[in-house]
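Nothing in this text is a laboratory measurement; each read-out follows from the coordinates by a stated rule. Nothing here was measured: the structure is a model prediction, and the numbers come from that model. Cβ sites come from the backbone with ideal geometry, for glycine too, and all protein chains shown count toward neighbours.
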Amino acid sequence: MLSKLTPSQLNISIDPQTLGFSNTLELLTETQATTSSWIGQNRAFAAASTGMRMQHAGHHILVIGEPRSGRTTLIRNMAENELAHQPLPPDLVYLLNVQVPEKPYLLRLKAGKGNELRQLLDQIVRRQLRIIPELLQSGRVSQAEGQGDDPVLLQLAETKLKLYLEQEFAQVRERMQDSVLDTALFEHWIAQLTQEVLDNLDVFASATGSESDGMLEAFCGRFRANVLVNNSGLTGAPVIYDDDPSYASLFGGIESASEQQVADFMRFRAGKLLCANGGVLLLHLEDILTDQQQGANSILDKLMRVLRNRKLQIEDAASVSANAALNPLVSEAVSLDLKLILIASREDYYHLHEQHGAFLENFSVQVEFAESMLAGADAYHELARYIAHVCHNHHLPHFTAPAVARLLQILHEWEEDQARVSLQLGRLIPLLQEIAALTAAGNFADVAEVELVLSAVHNRHGYAEQQIRESILDGELVINVHGHEAGRINGLTHIDVGSAAFGSPVQISARCYPGRQGVINIDREVKMTGPQHDKGMFILQNWLAATFAQQAPLTLNASLVFEQEYHGVEGDSASCAELYALLSSLSGLPLLQGIAVTGALNQHGDVLPVGGINEKIEGHFRLCEKLGLDGQQGVLLPARNARHVLLHKDIVRAVADGKFHIYTMEHVLDGIAHLTGMPAGSPDRQGMYPDETVLGRVQHTLQAYQGIYQRNHQFSVKPSHE
């Protein structure tokens with residue numbers, strides 16, 4: 001049946017007195033105890049807590065939620081709190097492998113000790129450059145005296161040199177004895193380097209001139225340490241968030257050889273995976289999929305191998321994509337013990353599940369963030385505490401209870417639901433900051449500031465909407481909101497342009513004549529419609545055929561078109577409007593032009609809910625307001641959308657004054673009587689409709705079409721010449 005919504009049904013009213021505070025400053029002490037609140041995310045919180053407690057290898061976490069839901073901040077805060085008191089992972093240091101220089105040794109040290117070892121070895125190198133040449137020179141006789149080297153003196157110098165090296169490394173052992181976790185490897189490396197110096201005394205002995213000095217410095221550089229992972233700044237296990245991942249930033253790489261003589265093992269660089277070893281790494285799936293589309297070295301493929309093998313080998317990105325033989329450097333594979341948290345939107349998750357389902361098997365815990373929560377006193381109180389928390393952390397003025405009540409209304413509007421509030425709380429922060437900018441110093445932010453900002457935001461994003469409306473007012477786009485016309489009706493479109501979303505009426509027209517082609521949608525014929533709209537058209541045709549089964553098969557040619565629509569049509573929300581235009585054309589009954597229609601349709605004629613309902617209503621109201629409200633205008637929408645209606649105060653006021661109307665319908669025939677001023681009609685046992693009804697008139701027209709078609713078809717048959 002057709003119903004008219006009352007003003008009280010067009011929005012929700014939140015009484016500031018029921019919130020239990022006069023301003024959010026009163027909630028501050030309570031808020032400070034909760035540094036991060038999982039408002040309305042009980043399911044996600046429980047899943048995330050379970051995932052963080054699972055310490056066994058391979059239990060990674062997949063977070064599914066939309067942007068601005070708090071998904072990244074909340075899961076990151078939880079990880080930091082969980083790992084704050086976990087053991088610090090070791091530092092990782094590369095040292096020269098004298099025997100196989102392209103495969104350096106990987107030394108593990110206690111957290112923060114890698115830099116200490118590097119500094120000790122740098123000091124040794126600086127002393128070597130000065131002391132070793134002096135020791136060797138003491139074993140040589142001046143060339144001016146015409147004598148060669150004194151073997152005894154050289155042997156003595158070598159003995160002194162060996163003793164010197166032993167003393168140097170003894171100091172290193174003493175300083176690092178409690179820090180090195182791979183003692184045997186460290187001792188082996190010291191022995192190798194000591195022998196390497198003794199085997200290359202000629203490098204030190206000939207250390208004269210700038211070229212020789214460079215060779216000597218390069219040789220001594222082999223004593224240095226390449227600190228891959230430095231955990232000195234940590235107080236617990238690492239939590240690393242890579243918000244701009246690349247192949248090199250994740251997996252590490254090998255720097256290109258420079259003109260300076262740098263030992264190969266010093267060119268290795270660790271990526272975020274290695275730095276997060278022993279802790280948690282957070283990534284956004286969108287970034288990985290973007291990399292995949294750009295055809296670069298596939299992060300996803302490499303990540304799949306790393307998670308499967310639980311090991312990471314640093315490679316040169318250029319060599320990976322070209323030929324590994326170009327760069328023979330190979331790092332030792334490092335065992336990984338970390339938890340990967342992959343953050344994804346639902347769309348990206350579905351895409352990955354379809355294209356790379358095997359990859360998702362690595363994620364045993366799935367954390368799904370809700371997009372909304374049921375409204376009520378408890379929910380409002382939690383959200384008010386959240387606002388107080390934001391004000392405190394961002395140094396914003398606090399908000400009065402009436403201002404908070406208006407903000408809660410906004411959360412309802414974002415969700416388009418009178419019974420639920422949006423949990424896209426990330427959208428709220430910039431809004432609060434803008435409101436704060438308009439609030440006088442020392443004052444609380446009140447409703448007036450909130451309304452000013454809402455108006456300013458709408459104006460900033462309203463250019464496209466204004467252009468379309470002005471085109472209608474100028475007569476370029478033909479829309480009539482007064483009087484009656486047959487075969488024409490105003491549908492409602494929802495338009496997204498960048499960050500702006502708004503509604504606008506669009507004229508839908510129908511023409512009918514005898515034939516056998518059925519209902520033709522002109523937009524579809526020229527490939528300007530999407531699959532959802534095409535589905536709606538097929539449902540419309542089936543409903544029409546079933547309703548007038550007595551005339552089966554229908555001898556009807558009908559064309560439907562969205563007038564002056566050149567950017568394509570998608571969605572099934574115009575199905576009811578298209579059917580009304582068709583019934584009007586067939587019955588000859590004019591439709592009320594001031595009523596715009598939106599609603600999808602099923603095969604039984606039930607009207608289904610549609611999206612963007614508030615933007616659609618407002619778009620039609622603003623146009624009618626400009627063209628002149630006459631008390632006969634309004635919107636006809638699905639009854640199932642009634643709970644989604646949240647309109648601005650001026651529209652509610654116009655409804656209260658009888659200047660504008662909001663009608664709802666459960667069945668498609670509920671609205672046709674109001675639009676035509678004639679009952680829809682019900683069939684008798686033979687399937688015939690009463691004459692003075694909409695469907696009765698349509699039936700008569702279809703019968704006439706059938707007769708005309710049969711006569712024309714009969715006359716067109718050529719006589720037989722047997």
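The protection proxy used here, the mean number of other Cβ atoms lying within 10 Å of each residue, ranks peptides 329-342, 402-415 as follows, highest first: 402-415, 329-342. Fully extending the segment from Ala377 to Thr183, taken as 0.36 nm per residue of separation minus the present Cα-Cα distance, adds 63.6 nm. Local charge sum around Val635 (other residues, Cβ-Cβ under 10 Å, Lys/Arg +1, Asp/Glu -1)? In short, 0.
Label positions at Gln564 and Arg516, each projected 7 Å from the Cα along the C-beta direction, are separated by 3.9 nm.
Between His394 and Leu452, the FRET efficiency from the beta-carbon distance, with R0 = 25 Å, is close to 0.80. Near Pro679: Cβ cut-off under 15 Å, other residues only, Lys/Arg at +1 and Asp/Glu at -1. The net charge is -3.
Can you check how the C-alpha radius of gyration of the chain compares to 2.2 N^0.38 Å, as a plain ratio? Walk me through the intermediate numbers first.
On the way: Rg = 38.6 Å, N = 722, 2.2 N^0.38 = 26.8 Å.
After normalising by residue count via 2.2 N^0.38 Å, the value is 1.44.
Around the Cα centre of the range 473-706, unit charges on the Cβ atoms of Lys, Arg, Asp and Glu (plus for the first two, minus for the last two) sum to a dipole of about 280 debye. Taking amide H as placed 1.01 Å from N in the peptide plane, the amide H of Ala111 sits under 5 Å from that of Asp91, each at least 5 places away or on another chain.
The label-point distance for Asp534 and Ser8, in a model that sets each label 7 Å from Cα toward Cβ, rounds to 4.8 nm.
Spin-label model, Asp657/Gln603: points 7 Å from Cα along the beta carbon direction are separated by 4.8 nm. FRET efficiency for the pair Leu156 and Arg310, taken as 1/(1 + (r/R0)^6) with r the Cβ-Cβ distance and R0 = 51 Å, rounds to 0.40.
For the pair Tyr463 and Glu174, the difference between a 0.36 nm per residue extended length and the Cα-Cα distance amounts to 96.8 nm. Secondary structure note: in the range 473-706, about 55% of the DSSP beta bridges are antiparallel.
Per residue, the convex hull spanned by the alpha carbons of the range 473-706 comes to 123 Å³. Listed peptides 630-639, 687-696 appear in the order 630-639, 687-696 once ranked by packing, highest mean of other Cβ atoms within 10 Å at the front. Amide H contacts under 5 Å for Asn23: Ala401, restricted to partners 5 or more places along the chain or on a different chain, H placed in the peptide plane at 1.01 Å from N.
From the Kirkwood radius over Cα pairs of the range 5-83, Stokes-Einstein at 37 °C and 0.692 mPa s returns a whole-number translational diffusion coefficient of 205 µm²/s.
Let's test the formula: R0 of 45 Å, r as the Cβ-Cβ distance of Ala419 and Gln550. What FRET efficiency results, to the nearest 0.05? Computed FRET efficiency for Ala419 and Gln550: 0.55. Pairs with C-alpha atoms separated by more than 27 Å, drawn from the list Lys103/Lys311; Lys113/Lys272; Lys4/Lys616; Lys113/Lys302, are Lys113/Lys302. Taking every C-alpha pair closer than 8 Å and separated by at least 6 residues, the mean separation divided by the residue count of the chain gives a relative contact order of 16 percent.
What's the local net charge at Pro690, with K and R +1, D and E -1, over the other residues with C-beta under 11 Å away? The answer is -2. Under 5 Å between amide hydrogens, built in the peptide plane, is the criterion, and for Val519 it picks out Ala558 among residues at least 5 positions away or on other chains.
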